[in-house]
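Asks: Could you have a look at this structure, given as structure tokens, before my questions?
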Amino acid sequence: MTKKQKFYLTTPLYYVNDVPHIGHAYTTIAADVLARFKRMSGFDVYFLTGTDEHGQKIADAAKEHNYSPQEYVNMVVERFKDAWLTLGISYNDFIRTTEERHVKVVQNIFQKLLDQGDVYPGEYEGWYCTPCETFWTEFQVSETGNTCPDCKRPVHKLKEKTFYFKLSKYQDKLLKHIESHPEFVLPASRRNEVLSFIKQGLKDLSVTRTTFKWGVPVPGQEGHVVYVWFDALINYISAPGFTSNEKKFAGLWPADVHLMGKEIVRFHAVIWPIMLMALGLPLPKTVFGHGWWTVEGEKMSKSKGNVVDPIALSKEYGVDPVRYFLLREVPFGVDGDFSKKSFINRYNSDLANDIGNLLNRTLTMVEKYFGGVIPEAGENTFDEASEELVNLANETPGIVASQMDKLAFSDALSAVWELINKANKYIELEAPWKLSKEGKTDNLKSVIFNLCDVLRTVAILVTPFIPTTTSRMWEQLGLTDPIEKPGIKIAGTKVAKADPLFPRLEKK
Ligand code: MSP
């Protein structure tokens, strides 16, 4: 048997100063959908997520709640794990930056870069934004009037002994890499931003702190802890076994895709690849920065009290509608707006009406005309409408696969919905109730068979997105084989019609 091809994908490591919200869920659900799709396509998938647990921001949050940082992160990490369990996230590994398997690797890497001269001692004076854990130059801060150019909160001046990482040394090499690998930073808008940022000139990066203690201690340098971003980025190689399990690591690295929100693309497309270059490691294939969600037109924030809790939403409407909405509503890569109204509209039109009704109507007819057993197609009954439907059903998996390869989740779903809509129209065109009345049994058999077979294809294609729903569809169609098994025959199975997949919601 030939070895399966690997596919390694990651989410960012989320800060544990707060509980997960819909923004965190978005990246994680997208990664999960991709992971499930790749597994179904025969890949050996390694899907990594986890938590970023060091840094001043976390230490401050712990203090505010009267816990030690370690106690605090131990508590909050459970909220993330629970959320991912509820949302059906099929990660293969969950890494916490406070774990020994990670800390050791960070320390080894720091020492190696120090030994080879890519990290060197110096002094730092500059402006620091604690919420973003980011340094800004005098110029950047002066442009915004002493506030963080990203989050607009006040920055404060820091002067400390530090170690620098030689970003500048690798600037040209990185530029060449990005220019010759158009798929390295996606979408193209993010790539252009990164290119112009690098072209402005890279300054060496301060990678240790002495003003607080909650971080990875720098080996042999009393009082220094590793800068939280330098620490956290290393997770992408510490988890798959860099320096601890070389065999595993060789089978997994480089990552196929790092997924994240657009605000942290710069860390992943500038600092991270340079760290890898300094270590002599290959670069990830793609860094993808998706858009941001606003809520009812406003930026989501605790102070505004408009933070959407994905778990509460799932409890109210079901997990699959949340997964579906987030990936269907806006193309992956551009910003989107969440509102109850658009959520409910999409639920009712796409889920309750289109897919839910197609299954319901079809199974009702299987029961009514064929005693609940899916018929074989009748002989010599092929007409134009059937041909069109069957052709589309045959083409759709290829379209979905090519959209998924581009991470165009919403286009992949649109393609499936085109098939669903065509099947709903097919029912109107063929009018099975008339065929039954007129005694055209062969035609009736074909129409019902075609509809059931389209439903089978639809179930397979939407499985990565709405896995709970598709196992219910599968059961109702009377199928028992694993969904990914090729060539499943549908004729002859006894259907088991049950409650509607998505009961209609009243508009609120
Ligand atoms: N800890 C860093 C990442 C380190 S990766 C080595 C971090 N953490 S975070 O908790 O702030 O999570 C940021 C990620 O959450 C974003 O990149 C994005 O994936 C997601 N989102 C947070 N808010 C979001 C929206 N409003 N909309 C969409 N996604 C956003 O940054």
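The values are calculated or read from the model by the stated rules, or taken from the named source; none is laboratory data. In this text the structure is predicted, and so the values were computed from the model without any measurement. FYI the Cβ positions are ideal-geometry reconstructions off the backbone, even for glycines, and counts take in every protein chain you see. Heads up: the accessible areas ignore ligands, DNA and RNA and are worked out on the full protein's heavy atoms, side chains in. Shrake-Rupley method; radii C 1.70, N 1.55, O 1.52, S 1.80 Å.
Asks: How high is the relative contact order of region 340-476, given as a whole-number percent (alpha carbon pairs under 8 Å, six or more residues apart)?
Replies: That works out to 33 percent.
Asks: Probe of 1.4 angstrom, ligands and nucleic acids ignored: what's the accessible area per residue over region 340-476, in square angstrom?
Replies: With the other protein chains kept in place, region 340-476 gives 42 Å² per residue.
Asks: For every other residue with a beta carbon closer than 10 angstrom to the beta carbon of Leu13, add +1 if it is Lys or Arg and -1 if Asp or Glu, then tell me the sum.
Replies: Result for the neighbourhood of Leu13: -2.
Asks: Follow-up. Hey, can you rank 117-128, 400-411 by average C-beta count inside 10 Å, highest first?
Replies: 400-411, 117-128
Asks: First compute the accessible area of the chain with a 1.4 Å probe, then give the percent of it belonging to carbon and sulfur atoms.
Replies: 51 percent
Asks: Cross-link candidates for Lys340: which aspartates and glutamates have Cα within less than 18 Å, leaving aside residues fewer than 8 places away along the same chain?
Replies: Partners found: Glu296, Glu298, Asp309, Glu316, Asp320, Glu329, Asp350, Glu506.
Asks: I need the phi-derived Karplus couplings for region 389-395: 6.51 cos²θ - 1.76 cosθ + 1.60, θ = phi - 60°, integer Hz, Gly and Pro marked x.
Replies: Result, ordered by residue: 5, 5, 4, 5, 4, 6, 7 Hz.
Asks: Taking the Cα centroid of region 170-192 and of region 209-227, what is the distance between the two, rounded to the nearest whole Å?
Replies: Region 170-192 and region 209-227 have Cα centres separated by 32 Å.
Asks: Quick one: if you stick a label point 7 Å off each Cα along the C-beta vector at Ala188 and Glu484, how many nm between them?
Replies: Distance between label points: 3.4 nm.
Asks: If I model a spin label at Asp44 and Ser244 as a point 7 Å from the Cα along the Cα→Cβ vector, what separation in nanometres do I get?
Replies: 2.0 nm
Asks: Right, something else. Provide the net charge surrounding Phe43, with neighbours chosen by a C-beta distance below 12 Å and charges set as Lys +1, Arg +1, Asp -1, Glu -1.
Replies: That works out to +2.
Asks: Give the peptides 261-271, 132-142 in descending order of average Cβ contacts within 10 Å, highest first.
Replies: 261-271, 132-142
Asks: Moving on to the next point. Give the calculated FRET efficiency between Phe212 and Lys497 to the nearest 0.05, with a Förster radius of 45 Å applied to their Cβ-Cβ distance.
Replies: Numbers: r = 61 Å, r/R0 = 1.36.
Computed FRET efficiency for Phe212 and Lys497: 0.15.
Asks: Let me ask you something else. First select every other residue whose beta carbon is under 13 angstrom from the beta carbon of Leu444; then total the charges, Lys and Arg +1, Asp and Glu -1.
Replies: Spelling it out: positives minus negatives among the neighbours equals -1.
Asks: Please report, in whole Å³, the volume per residue of the convex hull around the C-alpha atoms of region 340-476. Numbers along the way, then the final one.
Replies: Details: hull volume 14.8 nm³, N = 137.
Considering the Cα atoms of region 340-476, their hull volume per residue is 108 Å³.
Asks: Which order do Arg504, Arg323 take by accessible area at a 1.4 Å probe, largest first?
Replies: On the way: Arg504 140, Arg323 0 Å².
Greatest to least solvent exposure: Arg504, Arg323.
Asks: Please tell me which of these pairs span more than 30 angstrom C-alpha to C-alpha: Lys38/Lys203; Lys425/Lys489; Lys199/Lys285; Lys161/Lys248?
Replies: Lys38/Lys203; Lys161/Lys248
Asks: Quick one: Cα centre-to-centre distance for region 44-92 and region 314-348, in angstrom?
Replies: Their Cα centres are 25 Å away from one another.
Asks: How large is the Rg to Rh ratio of the chain when both quantities use alpha carbon positions and Rh follows Kirkwood?
Replies: That ratio equals 1.05.
Asks: Gap in Å between the Cα centre of region 289-309 and the Cα centre of region 242-270?
Replies: 27 Å
Asks: What is the spin-label model distance, in nm, from Glu387 to His181 if the labels are put 7 Å beyond Cα along the C-beta direction?
Replies: 4.8 nm
Asks: Is it possible to state the helix-based mean residue ellipticity at 222 nm for the chain, with each DSSP H run of 4+ residues giving -39500 (n - 2.57), the sum divided by total residues, to the nearest 500 deg cm²/dmol? What is it?
Replies: So the helix-based figure for the chain works out to -14500 deg cm²/dmol.
Asks: Please give the contour-minus-distance gain from Lys437 to Glu367: 0.36 nm per residue of separation, less the Cα-Cα distance, rounded to one decimal in nm.
Replies: Values: separation 70, 0.36 × 70 = 25.20 nm, distance 1.58 nm.
Gain on extension, Lys437 to Glu367, equals 23.6 nm.
Asks: Given just the C-alpha atoms of region 49-88, how large is their convex hull per residue in cubic angstrom?
Replies: On the way: hull volume 2.6 nm³, N = 40.
For region 49-88, the hull spanned by Cα atoms encloses 64 Å³ per residue.
Asks: Still on this model: Quick one: of Lys81/Lys104; Lys6/Lys57; Lys315/Lys494; Lys81/Lys315, which pairs are farther than 27 Å apart, Cα to Cα? Please list the in-between numbers first.
Replies: Values: Lys81/Lys104 23 Å; Lys6/Lys57 36 Å; Lys315/Lys494 32 Å; Lys81/Lys315 16 Å.
In this structure, Lys6/Lys57; Lys315/Lys494 exceed 27 Å between Cα atoms.
Asks: Something else: Suppose all protein chains stay in the model; what accessible area per residue would a 1.4 Å probe give for region 253-301, in Å²? If you can, show how the numbers build up before the last one.
Replies: On the way: 1410 Å² over 49 residues.
For region 253-301, the per-residue accessible area is 29 Å².
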